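Structure, as structure tokens:
The values are calculated or read from the model by the stated rules, or taken from the named source; none is laboratory data. What you see is a predicted model, and the numbers here were worked out from it, not measured in a lab. Cβ: placed from backbone, ideal geometry, glycine included. Neighbour counts: every protein chain shown.
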Amino acid sequence: MVSDNRSLLMHRVLTMTALCVGLASAALAQDYEEPDPADLVPAHFSAASFAALDQYDLYDVTLALKRGRNIRLADCTPSQSRAIIEASYDRRAPAMDMLRATCSG
């Protein structure tokens, strides 16, 4: 009978230990997630720095816009900046012309 109680107690201790380890590892895993590229996008670009973006950086800028970030280009208003960024993802040259024509960047 005493060994049954010890066995039951040991089972409970091991179960609680496993549960605590599982919860702790889940909490630690959340701390080490990779940063979202959209969070690393600057909030302002000059005309020259925007023109120098490659296709992958431009994707991150577009993604940041879709996720609600406000990104400004040169001296453009936020709505002008958004229109230029969205247009530049498909066709870069017309969007750069729009940037030069509407913003003094």
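Key figures for this structure:
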| read-out | value |
| --- | --- |
| Within region 54-105, tally of residues that are of a type in the set (S, T, N, Q), surrounded by 13 or more Cβ atoms within 10 Å (Cβ to Cβ) and more than 16 Å from residue 39 (Cβ to Cβ) | 4 |
| Extreme residue, nearest to residue 88 (Cα to Cα), among residues of region 37-52 that are without any contact (Cβ under 8 Å) to a residue 40 or more places away in the chain and surrounded by 17 or more Cβ atoms within 10 Å (Cβ to Cβ) | 45 |
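Rundown of residues vs (1) touching a Pro at 6+ places or on another chain (Cβ under 9 Å); (2) modelled with pLDDT under 70; (3) not small (Gly, Ala, Ser), yes/no style:
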site: 5; (1), (2), (3): no, yes, yes
site: 19; (1), (2), (3): no, yes, yes
site: 25; (1), (2), (3): no, yes, no
site: 29; (1), (2), (3): no, yes, no
site: 35; (1), (2), (3): no, no, yes
site: 48; (1), (2), (3): no, no, no
site: 59; (1), (2), (3): yes, no, yes
